1. Inside region 373-413, can you point out the residues that are in contact (Cβ under 8 Å) with a residue 24 or more places away in the chain, in a strand (DSSP E or B) and in contact with a Pro (Cβ under 7 Å, 6 or more places away or on another chain)?
2. Has region 38-50 got at least one residue that is assigned to a strand (DSSP E or B) and polar (S, T, N, Q)?
3. Given (1) among the aliphatic types (A, V, I, L, M); (2) under 27 Å from the mean Cα position of the chain (by Cα); (3) surrounded by 24 or more Cβ atoms within 10 Å (Cβ to Cβ); (4) over 21 Å from Arg356 (Cα atoms), where does Met328 come up short, assuming only one miss?
4. Just a yes or no: is a residue in region 266-276 at pLDDT below 95 and among the hydrophobic types (A, V, I, L, M, F, W, C)?
5. Does Ala63 meet the test of being in a loop (DSSP other than H, G, I, E, B) and open to solvent by less than 30 Å² (accessible area, probe 1.4 Å)?
6. Determine whether Ile242 is outside any loop (DSSP other than H, G, I, E, B), hydrophobic (A, V, I, L, M, F, W, C) and within 30 Å of Met344 (Cβ to Cβ).
7. Which of the helices (runs of 4 or more DSSP H) contained wholly in region 92-165 include at least 1 residues that are under 24 Å from the mean Cα position of the chain (by Cα) and under 20 Å from Val6 (Cα atoms)?
8. Filter region 285-309 down to the residues that are more than 24 Å from Lys337 (Cβ to Cβ) and either among the polar types (S, T, N, Q) or under 28 Å from the mean Cα position of the chain (by Cα) (or both) and list them by number.
Amino acid sequence: MNGLVVAAPRSGSGKTTVTLGLLAALTRRGLAVAPAKSGPDYIDTAILARAAGREAINLDAWAMSPGRLCQLASGHAAGADLLLVEGAMGLFDGAADNRGSTADLAAALGLPVILVLDAERQSQSIAALAHGFASWRADVKVAGLIVNRAATTRHEAMLRRALSALDIPLLGVLPRRDALSLPERHLGLVLPGEVERFDAVVIAAAEAIEDYIDLNRLLALSTPVDREARQPVPLPPLGQHIAIARDAASAFLYRHWIHDWHAAGATLSFFSPLGDEAPDPSADAVFLPGGYPELHGQTLAAATNFHAALHAARDRGALIYGECGGFMVLGQSLTDKAGVTHRMAGLLPHETRIDRPRRVLGYRRLRHASPLPFPAALNGHEFHYSSAHHTHGTPLFTAADALGEPLPPMGLIDRNVMGSYAHVIDIT
């Protein structure tokens with residue numbers, strides 16, 4: 001169960017494209033590659049899973065305990081030839097408290113780093129950049145380099161000469177190809193099913209990797225995933241039978257939740273609010289994950305069977321919990337970016353609007369004293385452009401940022417119905 005981490009000095013260096021190309025190229029060789037993403041990003045895991053043809057997981061060095069990280073990584077790598085982890089932002093970029101970087105994850109798992117260097121607008125200076133990153137932390141090994149976006153063969157020769165002074169293998173130099181890019185939306189990259197040419201981009205990236213990267217040498221640099229003896233504390237299930245919303249408006253669900261709930265013996269069933277489906281009437285808990293409800297306001301407003309079933313679940317005492325987009329759906333109304341207001345389920349006393357000029361983003365330290373069957377102290381994150389208005393009632397969480405600085409209370413709770421903008425990741 002060997003692994004590698006793909007990282008870069010900064011965002012925008014091309015590590016996602018390189019990771020997609022590596023996943024597809026190695027899969028075309030007949031290897032089973034288990035993909036993972038550093039940090040809390042849901043969308044990148046969907047993209048990596050599509051390229052690898054198998055499930056991807058999140059590995060979050062800020063929110064997850066070392067035991068959770070090692071259990072997830074080793075379990076995910078079991079049966080695969082390689083665990084390939086895509087980093088987030090720059091290699092050493094973490095939260096405001098300087099924790100949770102891709103480097104922290106690589107150190108926790110004992111995995112070497114393949115550093116993707118963007119050659120655009122530089123030549124010999126790239127060697128100083130690589131040297132600085134490779135020597136910054138003794139517990140993080142930069143085992144190989146991939147150079148991206150070389151402009152010409154002359155430019156490539158200059159880059160190779162400069163990097164030859166370092167004792168780090170150069171695995172290859174990729175030429176600049178404008179076709180190797182994916183569109184973005186307000187929450188980042190769009191989901192792969194929404195990109196008509198996604199598969200074509202992945203194929204082109206795989207061909208570039210096969211043409212320019214020494215894959216045999218890359219595989220030889222991989223090392224075994226570290227195992228942690230301490231077992232993590234699992235996240236308790238919301239109920240004995242949990243009905244989970246799953247469709248394009250409710251797509252953000254961490255895989256380790258499913259693992260924990262299955263291990264606890266809970267029954268899981270799935271339904272589509274966009275299909276006007278009702279949660280299983282025998283469920284004693286309903287979970288509405290985050291996603292893109294603002295893109296489907298009209299359809300959700302017309303889902304009267306779904307709305308009625310949520311009210312029936314509340315009235316029979318089932319616990320109903322919504323995160324971010326799910327919290328928006330539980331409210332009275334949702335006003336989209338075009339200013340059109342859509343009726344929502346009406347189970348919590350708030351209205352949401354896509355009206356923030358900047359996204360709300362960051363890790364959250366959460367505490368609660370509610371019927372939510374999670375421990376009182378939780379780690380999570382927040383990432384949205386909407387805001388809640390006309391709220392009244394009891395907040396679900398007290399909250400602080402990564403530094404522990406207090407934030408306004410989050411969410412609402414009304415008897416057995418509750419939700420907030422926070423995505424819970426793990427137990428503190």
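The values are calculated or read from the model by the stated rules, or taken from the named source; none is laboratory data. As the structure is a computational prediction, the values presented were derived from the model and not from experiment. With ideal geometry, Cβ positions are generated from the backbone for all residues, glycine too; neighbour counts draw on all protein chains shown. Ligands, DNA and RNA are excluded from the accessible area calculation, which covers all protein heavy atoms including side chains. Shrake-Rupley method; radii C 1.70, N 1.55, O 1.52, S 1.80 Å.
1. If the condition is that a residue be in contact (Cβ under 8 Å) with a residue 24 or more places away in the chain, in a strand (DSSP E or B) and in contact with a Pro (Cβ under 7 Å, 6 or more places away or on another chain), then His381, Phe397, Thr398, Ala399, Ala400, Met410, Leu412 are the ones that fit.
2. Yes, region 38-50 contains a residue that is assigned to a strand (DSSP E or B) and polar (S, T, N, Q).
3. (4)
4. Taking every residue of region 266-276 in turn, none turns out to be at pLDDT below 95 and among the hydrophobic types (A, V, I, L, M, F, W, C).
5. So Ala63 passes the test.
6. It is true that Ile242 is outside any loop (DSSP other than H, G, I, E, B), hydrophobic (A, V, I, L, M, F, W, C) and within 30 Å of Met344 (Cβ to Cβ).
7. 102-109
8. Selection gives Ala285, Val286, Phe287, Thr304, Asn305.
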